[in-house]
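Quick note: the coordinates plus some simple rules give every number you see, no bench work behind them. Quantities reported herein were computed from a predicted structural model and do not represent experimental measurements. Methodologically, a virtual Cβ is constructed for each residue, glycine included, from the backbone with ideal geometry; neighbour enumeration extends over all protein chains shown.
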Amino acid sequence: MVKRNKKWLSLGITASMALLLAACGNGGSTNKDNADGGSGDKVELEFWSFWGSGMRRDAVEDIIKDFNKSQDHIEVKYVYQPWGDIWTKSLASIAAGDPPDVIVQDINSVQQRADAKQATNLQEYLDKEDEDISSRFYPQLWDTVMYEDDAYALPFNTDTQVLFYNKDMFEEVGLDPENPPATWDELEEAAHKLDVKKGNNFERIGFYPLWNLGADVWALNADHGTSWFDKDGNVKINTPEKVEALDWVLKQQDYYGRDTINNHEAEFGSGVADPFISGLVGIRAQNINYYTNLLENAPDGFNYGVAPLPEKEEGSGHWSWGGGFVLEAPYGAEHPEESYEFMKYMTSPEVQEKFGLNSFDIMANEEANENLKEHPDLDDKGHMIYDMAHKNLEQTVITPIPLEAPDYTELVNGQLDEAMLGNKSAKEALDAAQKSVEDLVEQHK
Amino acid sequence: MATTSTSKQNKKKRWTKKQKKDAWWGLLFVSPFIIGFLIFMLGPMLFSFIGSFTNYNLTSRMEFIGLANFKRMFTQDELFWKSLYNTAYYVILNVPLTAVGSVLLAVLLNQRMRGISIFRTIFYLPAILSGVAVYVLWMQLLSPTSGLINTVLSWFNIQGPAWLFDPVWTKPALILMKLWSVGGAMLLYLATLQNVPKQLYESAEIDGASSFKRFYHITLPMITPIIFYDVITSTIGAFQIFQEAYVMTDSGKGGPANSLLFYNLHMWNKAFVAFDMGYAMAMSMILFIIVLVLTFVNLKLAPRWVHYS
């Protein structure tokens, strides 16, 4: 009896192990088999994004449903991947040769992926079109997807940095709410009028430039829209304009004191405890997407306006900085033509308008934003945001990751921190960063 | 183990049918480990070793470039040294402090008193909580003005530092946080403490030894094997610090003035931000050698202080 039991036990273990191994081995390919043969002639596409909940998820699922109904050749399956995992997962799947068909990717690293053969070249499909697809998008967004004269992605949405200011507070301290600060001097002046100081403590801070924005954006704003790298890839970190910008930021920090700033910053909450909504700050430079936050959390009648980032001095330009996402077919995707078809649909004016309307994202398609700024389903505030975004994109710079120095940010940020901590002057810090990044470029040559 | 010892004994004789069968069964039962080790440990390690001499970028490129990665690391990459310094700082403080902390805690919790098991549970609890939730909790505790830690310090008129915002205090803050979860090691020590023979204490007491002397001359030597084990494993663990810095700094960028840019974080950035996987593999080889040497030194020093009864 005992012996027999043993035998059965071992047989069971062997069988279950065999099953386990078999399951591990096949996991990846079962989907694909269905995709090819399961539903007749239909091509099934797997579309990955990180829109997991809320308005964006509803919008994208709606759009996919429409797309699937609109033709009978392609069936798109939506797969949500969490924000923290999506790009590492896709990288692993590309390396393993079994990637999804379309994925939402970071706009700043398209060229990097094209260079490393992680994205599919779309140029042949674009060349077949009668329509010039590139003209759908803001030109600086289109630039980000071009690598060696070929396109590797289609821009999907974008953003831009602007000023949000509290109109009631402006009125309260005698500033004109319809005339927001247009230069750095005016901004500083307005900020100090808005400050509320009790004893040695600031109870309200008019404006602090590094909350929600990096020193890099102020540097770019001062330097006529040139980021740490110019268009030809030259390192432009210690230019006189950028040194002045960092000096100006340091001046603001000195005015309030580092402790005050740290202490306030640590208190900043989200939702209704957001410092702009709760009245701890009067002006805030931030991504225009912040509008959705205000929409969700600000009390009725919260009276605010948006304005472009002020220019350093009159005539230097209200340069701003933006980012965004693109649609990409990973390298090795099985049905690139169908993937392109879906991506084209996703960037058409109608679909872009629909996505924007439901998510309040600033879209990559120019026409969509222009429609949204007068769309009957949006209120005055919504129109104001899209109007502002559309205008601001004219002077918004996108800063793709430079191929020669993909991980330069730590080097620059480390030096910026040294300056902010008072260990180095603005010039010393930027000189050091210039040298370090030039070295890094040299390493990659 | 049983299989190897029998096989040694019968080396010269031919195996009987039953022994052969047993050997196969033995192998079958350890096969999950062997397969796992080959696929998930040895394989990747060999691959890393080969990859460290190439410019591998994960997807399209893998050319042999000799020692170029290592040369770059030692002569050109300033952040390599910064990250090595940060990691060494962390290891040097974290390993002794957690060892001392967990031994003291274990001794305290080894008392005979009512409700001691409740305290044991409380002190052990942090060890089973882990990951992002704990780090977020600590970010709140370490908040400069409203955080619990600085609030308590202010009761004693101490103005607490800005912890995670001040590069001088970021690493100490992290080390402090890690001390909170010494419960895991404490449990090991506690189990060992209870195995120390009672008669040793009794005879020492009869000889009039003070409680400190009893601790120093009896308890400590008796638990040295576990201290040794704990120091080795926690040294290895401390060198691998990554998650804490990745979660607690702004988008994993290494914290104020790169003060939390640990070795593995820098390696991760090289691999998955710059796609410079060959370089990252070379970095992992250097870390492997550092840990190997340290462990070897530890093993060599062990006979001088580890007491096996």
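Brief remarks on what is shown
- Exposure proxy shown here: for B:PHE123, B:PHE33, the number of other Cβ atoms within 10 Å sets the order, fewest to most, as B:PHE33, B:PHE123.
- The length gained by stretching the chain between B:ASP207 and B:PHE288 to full extension, at 0.36 nm per residue less their Cα-Cα distance, is 24.2 nm.
- Choice from B:ARG120, B:ARG72, B:ARG14 showing the highest fluctuation, given a GNM over chain B with Cα pairs closer than 10 Å: B:ARG14
- Pairs of C-alpha atoms in the protein assembly as shown farther apart than 33 Å represent 63 percent of all such pairs.
- Karplus-derived HN-Hα couplings along the range A:268-283 (A = 6.51, B = -1.76, C = 1.60, θ = phi - 60°), whole Hz, x at Gly and Pro: 4, x, 10, x, 5, 7, 4, x, 6, 5, 7, x, 7, 10, x, 10
- Working ranking of peptides B:93-104, B:37-48, B:60-71, B:170-181 by packing, defined as the average number of other Cβ atoms within 10 Å per residue, highest first, is B:170-181, B:93-104, B:60-71, B:37-48.
- Choice from A:GLU129, A:GLU418, A:GLU244 showing the highest fluctuation, given a GNM over chain A with Cα pairs closer than 10 Å: A:GLU129
- Computed [θ] at 222 nm, deg cm²/dmol, chain A (DSSP H ≥ 4; -39,500 (n - 2.57); rounded to nearest 500): -14000 deg cm²/dmol
- Shielding value for B:55-61 is 5, the average number of Cβ atoms from other chains within 10 Å of each residue's Cβ.
- Distribution of pairwise C-alpha distances over chain B, 20 Å bins, in %: 24, 47, 26, 3, 0
- Dipole magnitude of the range B:77-305 about its Cα centre (Cβ charges: Lys, Arg +1; Asp, Glu -1), debye to nearest 20: 480 debye
- Peptide B:90-97 has a mean of 0 when you count, residue by residue, the C-beta atoms of other protein chains within 10 Å of its C-beta.
- Kirkwood analysis of the range B:186-238, using all unique Cα-Cα pairs, places the hydrodynamic radius at 12.1 Å.
- Taking every DSSP beta bridge that has both ends in the protein assembly as shown, the antiparallel portion is near 65%.
- Gaussian network model of chain B, springs between alpha carbon atoms under 10 Å - residue of B:LYS198, B:LYS270, B:LYS253 with greatest fluctuation: B:LYS198
- DSSP-loop GluC sites (Glu not before Pro) across the range A:161-204, with at most 11 other Cβ within 10 angstrom: A:GLU178
- Peptides A:236-243, A:113-120, ordered by how many other C-beta atoms sit within 10 Å of their residues on average, highest first, read A:113-120, A:236-243.
- Ranked by the mean number of other Cβ atoms within 10 Å per residue, highest first, peptides A:355-367, B:76-88 order as A:355-367, B:76-88.
- Over chain A - Rg/Rh using Cα atoms and the Kirkwood inverse-distance radius: 1.05
- When every Cα-Cα distance of the range A:275-428 is counted in 5 angstrom steps from zero, the calculated P(r) takes the values 2, 7, 12, 14, 15, 16, 13, 10, 7, 4, 1, 0 percent.
- Placing +1 on the Cβ of every Lys and Arg and -1 on the Cβ of every Asp and Glu, with no other charges, gives chain A a dipole of roughly 2500 debye about its Cα centre.
- Excluding same-chain neighbours fewer than eight residues apart, the lysines reachable from A:LYS77 by a Cα-Cα span under 18 Å are A:LYS32, A:LYS42, A:LYS65, A:LYS69, A:LYS89, A:LYS344.
- Annotation for the range A:165-188 versus the range A:288-341: alpha-carbon center distance of 24 Å.
- Per-residue mean of C-beta atoms belonging to partner chains within 10 Å, peptide A:104-115: 1
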